[in-house]
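Notes follow the structure.
The numbers here are math on the coordinates, done by the rules we state, and not lab data. This one's a predicted model, so the numbers in the text were calculated from it and none came from an experiment. All Cβ positions, even for glycine, are placed from backbone atoms using ideal geometry, and neighbour counts span all protein chains on display.
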Amino acid sequence: MRNDDTPYASRRFLYREDSAAWPAAGQGDKVVRFEPTNSLASEQTEPEARTVQRGANYTFVSILLAIVFLVLAILLQLSLRADIDFSQHIFHVLSLRGPQRHDPGSLLTPALRQAVEDIVMERIKAHVQAGRGQRDYALKAAGGRIAPDLTTGCTGMFNWECDAPNAAIDDDMRVGKCWNIHSVPAQLAIVLPEVILPSHVTVEHISKEIAPDIHVAPRNVTLWGIIDGKSNVARFEQLLRTDPSLQVAADRRPPIAKNHRYIPLSSFAYDIHAEEPMQTFAVAESIHSANITFAVFILEITDNWGGASTCLYRVRIHGTSP
């Protein structure tokens with residue numbers, strides 16, 4: 001054995017069978033002789049060799065990855081080029097078909113084209129209606145309210161359904177969201193948030209296409225105004241002197257009148273056969289020109305179109321501030 005002071009590296013022992021050193025016959029065991037490395041230089045050289053080899057491996061892997069990415073980039077570019085060429089080919093084929101390049105409507109069948117035109121016209125009409133620019137002074141959300149003592153169903157001792165007429169001055173036009181009147185004639189009293197010079201009144205029902213029973217819509221209607229204030233009374237009396245025909249109309253009063261003085265502003269018929277379910281009617285020109293202002297109105301419904309009850313969806317009152 002070597003001296004223990006010799007710098008052995010135990011994991012680097014090299015062993016071999018030395019045929020010249022076999023023992024004589026009868027001696028059972030092999031003799032294995034280990035040769036240690038014999039200098040510190042061997043320990044320093046081997047790690048350096050492994051470092052060089054590891055660096056070479058890293059370089060090889062980097063080159064390989066670069067090649068792979070390059071190939072993928074080339075394939076992606078070729079794929080995009082193929083898609084563009086295919087799209088251009090399709091566009092070229094379609095453009096050769098003539099009218100389609102200049103007339104997109106040629107792609108539509110006559111029935112589909114008519115349906116599209118109908119939808120467009122409906123949108124245009126809705127836009128025109130919304131842009132009329134007439135303020136609804138009776139709208140509940142804007143301050144309008146019902147006068148119970150002049151409204152049908154709200155004048156008795158037991159008037160649990162007195163809140164129902166508010167549906168007629170609300171903007172909820174869903175099916176069934178109306179003031180359901182059990183019998184006619186009936187009337188709705190509306191108090192505006194301010195005094196106005198009335199110009200028009202609008203009655204709206206749901207369209208006949210979605211109405212469960214269009215015959216419950218009101219038919220003959222009269223809008224009354226309550227005359228209040230000395231200046232308005234004076235203008236009204238002056239109007240009667242200049243137009244005596246109004247005296248006959250003024251002598252008639254709504255069913256629930258109390259002790260007020262009334263003037264009929266507009267009498268009209270709501271038409272369920274008309275194209276538009278929202279129908280606007282003008283106040284009599286002579287009354288409008290008299291500059292009589294009003295804040296309380298009565299909408300009297302004389303009859304309907306034959307339904308078992310009457311359903312008033314919405315009434316709007318238009319005008320200007322004095």
Positive-end extreme of charge dipole, region 128-320 - chosen from A141, G229, P193 (charges on Cβ): G229
Extension gain from I119 to S183, taking 0.36 nm per residue of separation minus the Cα-Cα distance: 19.2 nm
Cβ-derived FRET efficiency at R0 25 Å, Q134 paired with R174, nearest 0.05: 0.65
Rounded to whole Hz, the Karplus (6.51, -1.76, 1.60) HN-Hα couplings of region 223-232, x for glycine and proline: 9, 9, x, 8, 7, 9, x, 4, 5, 5
Charge dipole magnitude, Cβ of K and R +1, D and E -1 - region 194-322, Cα centre, debye nearest 20: 520 debye
F281-T109 pseudo-label distance in nm [points 7 Å out on the Cα-to-Cβ vector]: 4.5 nm
Net length gained if the chain between E237 and D163 were fully extended (0.36 nm per residue, minus Cα distance): 23.0 nm
